[in-house]
Structure formats: C-alpha cells, structure tokens
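The values are calculated or read from the model by the stated rules, or taken from the named source; none is laboratory data. Keep in mind that what you see is a predicted model, and the values were worked out from it rather than measured. When we count neighbours, we look across all protein chains shown, and the Cβ atoms used for this are built from the backbone with ideal geometry, even at glycine. Surface accessibility is based on the protein's heavy atoms, side chains included, excluding ligands, DNA and RNA. Shrake-Rupley method; radii C 1.70, N 1.55, O 1.52, S 1.80 Å.
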Amino acid sequence: MAQLSLLKQLANFTSSTTGLDLGLRLIHALTLIGTGIELDSATVMRCSVAAAQIGLARRYLRFFDFLGCFLNVQDILATGNATKTRTQILDMAESSALGMYLVLEGTTMLHDMNVHLVSWYTPVLLEAYKFWFYAICIAITRTTLDLFFGTVTPIYHNGSADANEKKGEKSSASSPSEPPILSTASLLNQLVIDSLNLTIPGSLLGWIPVSDMGVAIAMLASTILVWPAVWRKAQK
C-alpha cells in the first residue's frame, strides 16, 4: 500500500469528527495557556475570547454523542450473558455517566450561545461536571484493574473525559466480540491521559486544587498523548 502524503493524511484527520475535535482541542489548550501568560492585556483578551469560542465549537461537535454512550449501554445489556464481566459493568457505568454529562451539558447550549438565558445554568452545569468526573474515575479504575489483573473480554468501549479523543484511542473494536489487544504500555498511556483529563472537571468543581494554567497544560499534554492513536485511526 502506497504511503499517503502528509497533506492527504492531514485531510483524512481533519475530515473525521474525532480528528477535527482533537485539532480544536489543541488550539483550545494553547489559547487557554495564552490567557495565563503575562502578555499585554489586548492579547490576553483575544486569547480569552478565542478559548471561549473554540470551546463552544467543540460542544457543537459532541452535541449528539450522548446517543452513542447510551447505545453502548444498550449493546452491553443486549449480550446473551446473564452475568456481565468486570469490564462490561465498568463500561456501562462509564458510558452512563458520560451520557448524562453530555445530556446535561447540552441543555445549557442555548444559554452559552446567548439565545435563551436561564437561571438554572450554573447548578445544571455543575451536575454535568460531576458526571464527567465520575466517568473519568470509572475509566481510571477499569484501566488500573486491567493493568493488575488483565483485560476481561468482551470490550466495547465508548469513551470518557472528552468523548471524541477517547473514542479515537480505544474504539478500534467495532463490536463487543472483537476486543482490542492492549499492551501494558498502551494501558499506562491511557491511564496518564485519563489522569490528566480528570483535572478539568475536578478543577471546575473545586475538587482538585489546580490553577487554570495547570488545567490548560494538562489539556495540552493529554491531547498530545492521544494524538498518534487518533491520527492512525483516521488513515484507515
């Protein structure tokens, strides 16, 4: 098979929703870092506006991702086994929490667009962040158990944290009967990514004491770590 040119690979990457979201996430992280650097006030203001707009654009891309999360739960429940494996139970819990996060976040979209302002915006968004936090914690638990006790099949992983890049990292399994073979290195890589992503909802909830700059750097690092897997998947 002929090697694709870099331009063709980039086109494939940005043509996929996952790749486009990851590219925006990289820029998002850089603009957030820009707001924390001691630059002139005009530059900081531009970075702040850009970060807010890019964040909103990324929410458009994942607006309907909750459907995939709940479909994942349905698929696991539909399997013939009466007793679910450890991985299936954790996958259902993670997908359910992630789906609830996306649903609750979606209800605040019109407020963030300044189309319809609501009084319940902040409490609903905080509840959404809690489900996001729980989803990542479940993902970390599953990966840790896989590291110590080995992967339990079948696996049909939908994702957590930022849904799109997690799907790019682990959704190479197209069905519950086709589990991916995960090496220790890939599990450790996923554990680091999830741990970095945990700082985002954790800081927003006040549960993890980390500065805005620390969150932005964690976002940048996790984006770089997941980039190769998403890039490879986009070329298939």
Gain in span if fully extended, VAL118 to LYS8, counting 0.36 nm per residue against the direct Cα distance: 35.2 nm
Extension gain from MET213 to LEU225, taking 0.36 nm per residue of separation minus the Cα-Cα distance: 2.5 nm
Quote the FRET efficiency, to the nearest 0.05, computed for ILE27 versus LEU77 with a Förster distance R0 of 41 Å and r equal to the Cβ-Cβ distance. 0.60
Could you give log10 I(q)/I(0) at q = 0.15, 0.18 Å⁻¹ for the chain, computed by the Debye formula over C-alpha point scatterers of equal weight, without solvent? -1.08, -1.49
Over region 1-127, with every protein chain in place, what whole percent of the accessible area is carbon and sulfur at 1.4 Å, could you tell me? 67
Rh (Kirkwood; distinct C-alpha pairs) - region 85-151, Å: 13.1
Which whole-number percent gives the relative contact order of region 6-235, counting Cα pairs below 8 Å spaced six or more residues apart? 26
Distance in nm between THR85 and VAL192 label points, each 7 Å along Cα→Cβ, equals 2.7
How do the peptides 131-140, 210-219 rank, highest first, by the average count of neighbouring beta carbon atoms within 10 Å per residue? 131-140, 210-219
By how many degrees, 0 to 90 and rounded to 10, does the Cα axis of helix 41-61 deviate from the longest principal axis of the chain? 30
Suppose R0 equals 41 Å; then what is the FRET efficiency for LEU205 and THR184 from their Cβ-Cβ distance, rounded to the nearest 0.05? 0.85
Net charge within 13 Å of PHE70 by Cβ-Cβ distance, Lys/Arg positive one each and Asp/Glu negative one each, not counting PHE70 itself? -4
Report, to the nearest 10°, how far helix 121-149 tilts away from the longest principal axis of the Cα atoms in the chain, using its own Cα long axis and a range of 0 to 90°. 40
